[in-house]
Amino acid sequence: MMRCVLAATDGSAASLRAVETAIELVRSFGPDARLHVATVLDYADVPGTMGKHPPGVPDLLAELADAALAQAAGAVATAGVTAEMHRLSGDVVDALLACAARIGADLVVAGFHGRNRIARLVIGSVSGRLVRSSAVPVVVVARRAPAETETPPVR
C-alpha cells in the first residue's frame with residue numbers, strides 16, 4: 001500500500017506539475033499518507049570556478065533551490081496538505097534516491113522537461129536515470145497536459 005510520496009522539484013514548470021501530481025496522489029492514498037518534497041544542489045554541473053563558492057559571495061544555486069522549495073511549499077499549502085521539505089546536495093539522482101530510501105518512500109514523482117533530444121542521447125535525462133535506477137516506482141510528469149501540447153487537427 002502506498003503511504004509515502006517523494007516529489008522532486010527544481011522550480012521548473014514540469015517540476016511544479018510533479019509536485020501537484022504528488023499532492024493529488026497523497027490525497028488519494030488517504031489520511032495516513034505522507035508527502036515529501038526535495039530539491040538538489042548539484043554543483044558538479046556548474047562550469048569551472050563558478051562551481052566554487054567563495055566566502056561572502058551569494059550562493060545562487062542555494063537561492064534557486066530555496067525558491068523551488070518555497071514554490072512547492074506554496075502549492076502544498078494552497079492544496080491544504082502538509083509536506084516535509086528537503087534541500088539535498090550532490091548528484092541529483094543519487095541524492096533523490098538516498099532521500100527516498102531514508103524516508104521510506106513508496107513512490108517518487110518527477111517532472112520531465114522534454115529538452116533537446118541530442119542532450120538526452122548524450123547525457124540522458126534526470127527523470128530517465130531516476131526511472132532506471134530507482135527501487136521504487138517513479139511517476140514522470142510532463143511539463144504540460146497533452147491537450148496543451150498537441151496541435152489541433154486541421155479541417
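The table that follows gives values for the structure above.
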{"read-out": "Selection count, region 74-92, where residues are in contact (Cβ under 8 Å) with a residue 12 or more places away in the chain, open to solvent by 40 Å² or more (accessible area, probe 1.4 Å) and either part of a helix (DSSP H, G or I) or in contact with a Cys (Cβ under 9 Å, 6 or more places away or on another chain) (or both)", "value": "0"}
{"read-out": "Qualifying residues in region 1-46 (those that are out of contact with any Gly (no Cβ under 9 Å at 6 or more places or on another chain), outside any helix (DSSP H, G or I) and β-branched (Val, Ile, Thr)) - the one farthest from residue 127 (Cα to Cα)", "value": "46"}
{"read-out": "Candidates 21, 49 - the one that is of a type in the set (Ser, Thr, Tyr) and at pLDDT 95 or above", "value": "21"}
{"read-out": "Of all residues in region 114-139 being closer than 15 Å to residue 39 by Cβ and either open to solvent by 40 Å² or more (accessible area, probe 1.4 Å) or in contact with a Leu (Cβ under 8 Å, 6 or more places away or on another chain) (or both), the one that is modelled with the highest pLDDT", "value": "130"}
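The values are calculated or read from the model by the stated rules, or taken from the named source; none is laboratory data. No experiment lies behind these values; they were computed from the predicted model shown. Every residue, glycine as well, gets a Cβ built from its backbone with ideal geometry; the counts of neighbours run over all protein chains shown. Ligands, DNA and RNA are excluded from the accessible area calculation, which covers all protein heavy atoms including side chains. Shrake-Rupley method; radii C 1.70, N 1.55, O 1.52, S 1.80 Å.
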